Structure formats: structure tokens, C-alpha cells
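Heads up: the structure comes next, in C-alpha cells.
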Amino acid sequence: MHNIRGLDTDGGEVVRMPDGSGKPRVMNIGLIGFGTVGTAVYQILQQNREELRLQTRVDLRVKRIVVRDLTKPRPVAVAEGLLTDNPQDVLADPEIDIVVEMVGGAHLKPVLLQALASGKAVITANKELIADHGPELFRTAEACDVDLLFEGSVGGGIPILRPLRETLAAGRIRRIMGIVNGTTNYILTQMSREGKSFAAALAEAQLAGYAEADPTADVDGHDAARKLAILATIAFHSRVTTADVYAEGIRRITPADIAYGQQRGWALKLLAIAAQEGEQYEARVHPAFIPATHPLASVNDAFNAIYVHGEEVGETMFYGRGAGGMPTASAVIGDIVEAAKNRRRGVSFSEVQQYNDWSRKEQVRVLSRYYLRVALTQPAAEPAARTLALVGAGAAGEGSQFADGQTSARQAVEHLLPTYGIPVAYLSEYRRPDGTGDLVVETGLTTEGALHTMREVLHGVPGVAAITNIIRILN
Ligand code: HSE
């Protein structure tokens, strides 16, 4: 063992020289959850123990690890007596200074509250809890004067929350746009590169260990919505919960949609977007076409990237591994270091300032361009059996009259959309071998409300079988 400046070594064990400060030299950690991230946290604490001791001037020791099943085989060896299946062995132990919760899920709330109330610093990556129960947890942490840190909850290993709450705190952040879910980014990358179906790409993501057996939280956008709620709350200083985020997932995306985008010079990504204007904010998660030249377009596989636009700082971008044991554990260790330093200094961080009370902009008023894929009962250019006289008379008014049998679905759609305030920017048609066809419409800027109304009407247009997909276009 090498000798470290400022430290003595004693029989191979590094011992910090007494500094007479009376500050703690050892801190005990109670780890709750020993899955992928929990195990990686333990490994880093063991492997980098000396480095961490140098940085914090504290010997960080894992005293107990709470697991669900004591008999389960573990990928790492742990000392005898470290594992327990009773959370009270951590929560009620007065010698434990820092609780690291790596289980996830809202049901952990009583555990975290008890840890905070017992005067322990709490480190978590629990998105559900922070996004939806943040105020209660922060109030408790503040009242108990202890740290509550959660860097690992968003962006895996990417340092994003601390820069938002500290480094960029002086400025006014107006917009966040990012890829914050590694699993869906991996799936979309597979679909884009290999032309795979959603189901095949999902199966591959499960095999690679990204997607869960029940992939709902990732593929339906809930995980990204929770992360966006946390980001927006910190950035805008206004409370944003998961329920305040509009969320749409990627289940409906087909290789045909992606191939169309590629022809047009676009990439398809699941984006999380939050923007603030005046006293309102918008927060949404949905798939979107972006120009292939956009920096987010080259963020592939399980990587995440988050754009932050601040009034003063302009554009900044944070990029890195958004999922996985070691990357997330790296963020968690950063929090442990902060908590250890804070405890030595006798201070704590327990606040996410929420002094604004802004309202969410109604989703129907949000503006976007759209890609619509419409399945037809016949090739797009051929006259439909019955045409638009009915539609025109009821909804589109003057100028919508067509003679029966003379108007194609394409003409009908081209005519109908502008009457609902939806400009048609580009229209193309595809003929299928079975005699049916597809119509792809790119709209100009329109509100989501207009799109909903148009959608209803389009369903009644002769020749239209279904609207098979609607995807936003951002450019
Ligand atoms: N399921 C998440 C993802 C893990 O795929 O991004 C990280 O929060």
C-alpha cells in the first residue's frame, strides 16, 4: 500500500492523522437495496475507499445492507453479518449516518421518512418519490436538518441535477429538452439502424438488460415523465409532478414511420420537453422527429442527453450513460461524498426552492408540426366510393362540396385539414400490394386541440380506414 500524503499507514490500514477538529472521521452507511445499482454502489465504496477518504476526510463504511432475500446468490462477496432483511437494522441503528436507498418505488416513502426523522442523511435515486412526494420529504429533511440528495434519479451517471440547482442557479432556465430514458433510446436506435419492429427491438433491450420484464414504465413514457417533473421543478422553481407531464410512449412507432423520417432527413427520438413562458410552463414526453443534424439525433443506444437553455447561459448540453449500475452508482457516490462533507461541516442540503406557482399550459394549446399516417381502404389517388359532400356540409363549410365518386381520399384530406386551421405542408402516398394505401401528411404549425378535432373528422372521410400514427415534428 502506498503512503498517502497527510496520512499515516498502520499495518496496511490507512489512518487519518488526528486534526483536533472533533469532526467525525468515520461514517457508517446503511444500504437499502442490493440490485444492480446497490451492488455497484457497494463495489465503488470498497474499491475507491482510500480515494473517497482523501476527498471527504471521512472513512465511509458500509455497515448493513438490506435485501429482500437473504438466500439469493450475489455477484459480489460481502462480509459475514452485513446482509439483513430487516430495514430496522439500518433505520433504528444510531451508528448509521447515511442511508442509501436503491430500491425505487413510492412504497419506500415511510422508510425514507423514518431515516430522515432519525437524523440520517438520505441518498436516493427514487424518481417516483422525488417527483410526486418531494415536498413532504424535503420538509422533513429540512426540519431534521439532514441531507436529502437524489442525483441518480435523473440521467443515470450524468451530473445534471447539481448543475441545475447550483451552478446554473443564478440564471433563469427557460427550456429543457432531452433524451432521459435509456431503454426507449436503445429500442429506437435498434429500430432505426436495423429496421426492426418495436416488439423485436424491445425483446433485444430486455436481453441486453435494459428493459424490465414489464417494460411499461419505460416504453409508455412514465419513467421519462417522472424525470422531467424533477428537472422542471428544479429548473423553474415551481412544483411539477408526474401528473403535470403529458406522456406518450413509443409502442405505436413502426419501421415505416422511422423509414419515412429517414428519407426526410430526420431521426426519431423519445423527447422530454419542458418550457416556461410568463406564468406558464409546458411539460411533455413524446416521440418526435428531429433533424438528423440536431445534436440529440446522434445520442444513441442507452445514452441520455439533456439540453438546458438558460436566459443568461444560453445553450448547455449534458451527455452520458443514462442507465446501468455503475453509471448510476457514480452519481450516487457523488451524493454520498456531498453528504459526508456536509456532515463534517455541520450543514445540510434539503431544499428544492419552489417559490413560483406557475400553471401548466393546457396541452390542447401547445403548438407543433405533425406527421400523420393515414391508412386507406384504396390507393390514395383513386376516387373514394362516397366523397366529401357530407363532411363538407357539416364541418368544413363553403367550398367543401365534392361530387360523389370524383374525389380521392388524398384530395379530401388536402382540402379538409386547412378548414380546421391545419396547414398541409407536405403530402405523399404509398400504394400497397393488397390494393390499399397509406397517405402521409406533414402539417404546418397547429395546436394539439385542432389536431384532435381534425382526427375525429378524418375518421369519417370515405376511403380512410384509420389514422395509424401521429408524430410531432420538431425543426
Ligand atoms: N429504466 C431507466 C432507463 C433506468 O431506461 O432510462 C434509469 O432511470
Quiz item: How do the pairs read when you match residues in the stretch 167-192 that are free of Cβ contacts under 8 Å to residues at least 40 places away in the same chain with residues anywhere that are within 16 Å of the ligand (Cβ to nearest atom), using Cβ under 7 Å and keeping only pairs 6 or more apart or on different chains?
Solution: Gln190/Ala201; Gln190/Glu204
Quiz item: Out of all the residues in the stretch 211-239, which are within 14 Å of the chain's Cα centre (by Cα) and in contact (Cβ under 8 Å) with a residue 40 or more places away in the chain?
Solution: Gly221, Asp223, Ala224, Ala225, Arg226, Lys227, Leu228, Ala229, Ile230, Leu231, Ala232, Thr233
Exercise. Working only within the stretch 421-439, note down all residues that are out of contact with any strand residue (DSSP E or B) (no Cβ under 8 Å at 6 or more places or on another chain) and either closer than 15 Å to Arg264 by Cβ or open to solvent by less than 60 Å² (accessible area, probe 1.4 Å) (or both).
Key: Gly435
Exercise. May I ask you to list the residues in the stretch 127-146 that are surrounded by 15 or more Cβ atoms within 10 Å (Cβ to Cβ) and hydrophobic (A, V, I, L, M, F, W, C)?
Key: Leu129, Ile130, Ala131, Leu137, Phe138, Ala141, Cys144, Val146
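Tell me, yes or no, whether the stretch 145-152 has at least one residue that is at positive phi and more than 12 Å from the ligand (Cβ to nearest atom). Before the answer, list the steps.
Step one: list which residues in the stretch 145-152 are at positive phi, which gives 145.
This time we only want the ones that are more than 12 Å from the ligand (Cβ to nearest atom), so: 145.
For the stretch 145-152, residues at positive phi and more than 12 Å from the ligand (Cβ to nearest atom): present.
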Exercise. Search the stretch 136-163 for residues that are over 17 Å from Gly104 (Cα atoms) and pair each with any residue that is modelled with pLDDT under 95 and of a type in the set (Phe, Trp, Tyr) when their beta-carbon atoms are under 7 Å apart and the residues are at least 6 apart or on different chains.
Key: Asp147/Phe349
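Quick one: count up the residues across the stretch 229-248 that are open to solvent by less than 20 Å² (accessible area, probe 1.4 Å) and away from the ligand (no atom under 12 Å from the Cβ). Talk me through it step by step, then tell me what you get.
Narrowing the stretch 229-248 to residues open to solvent by less than 20 Å² (accessible area, probe 1.4 Å): 229-236, 238, 240, 245.
So of that shortlist, the ones also away from the ligand (no atom under 12 Å from the Cβ) come out as 229, 231-236, 238, 240, 245.
So the answer is 10.
When the stretch 164-196 is examined, which residues are found to be at pLDDT 95 or above, of a type outside the set (Lys, Arg) and in contact with a helix residue (DSSP H, G or I) (Cβ under 6 Å, 6 or more places away or on another chain)?
As a first pass, look at the stretch 164-196 and keep what is at pLDDT 95 or above: 175-196.
Now narrow it down to the ones that are of a type outside the set (Lys, Arg): 176-192, 194-195.
Ile176, Ile179, Val180, Asn181, Thr183, Thr184, Tyr186, Ile187, Gln190, Met191, Ser192, Gly195, listed by residue number.
For Gly155, state whether it is crowded, with 24+ Cβ neighbours inside 10 Å, of a type outside the set (S, T, N, Q) and either within 12 Å of the ligand (Cβ to nearest atom) or under 28 Å from Ile333 (Cβ atoms) (or both). Even if it seems obvious, please write down each step before you answer.
On the way: crowded, with 24+ Cβ neighbours inside 10 Å: yes; of a type outside the set (S, T, N, Q): yes; either within 12 Å of the ligand (Cβ to nearest atom) or under 28 Å from Ile333 (Cβ atoms) (or both): yes.
In short, yes.
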Quiz item: Would the stretch 290-311 turn up any residue that is open to solvent by 50 Å² or more (accessible area, probe 1.4 Å), of a type outside the set (S, T, N, Q), within 12 Å of the ligand (Cβ to nearest atom) and under 17 Å from the mean Cα position of the chain (by Cα)?
Solution: no
Quiz item: Counting just the residues of the stretch 174-226 that are open to solvent by less than 40 Å² (accessible area, probe 1.4 Å) and of a type in the set (Val, Ile, Thr), which one comes out nearest to the ligand (Cβ to nearest atom)?
Solution: Thr183
Exercise. Scan the stretch 441-451 and give yes if some residue there is farther than 24 Å from Tyr246 by Cα and surrounded by fewer than 16 Cβ atoms within 10 Å (Cβ to Cβ), otherwise no.
Key: no
Exercise. Identify the single condition in (1) over 29 Å from the mean Cα position of the chain (by Cα); (2) part of a helix (DSSP H, G or I) that Ala450 does not satisfy, given that it satisfies every other one.
Key: (1)
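The values are calculated or read from the model by the stated rules, or taken from the named source; none is laboratory data. None of the values given here were measured: they were computed from a predicted structure. Note that we place each Cβ from the backbone using ideal geometry, even for glycine, and neighbour counts take in every protein chain shown. Quick note on the areas: whole protein, heavy atoms, side chains included, nothing else; ligands and nucleic acids left out. Shrake-Rupley method; radii C 1.70, N 1.55, O 1.52, S 1.80 Å.
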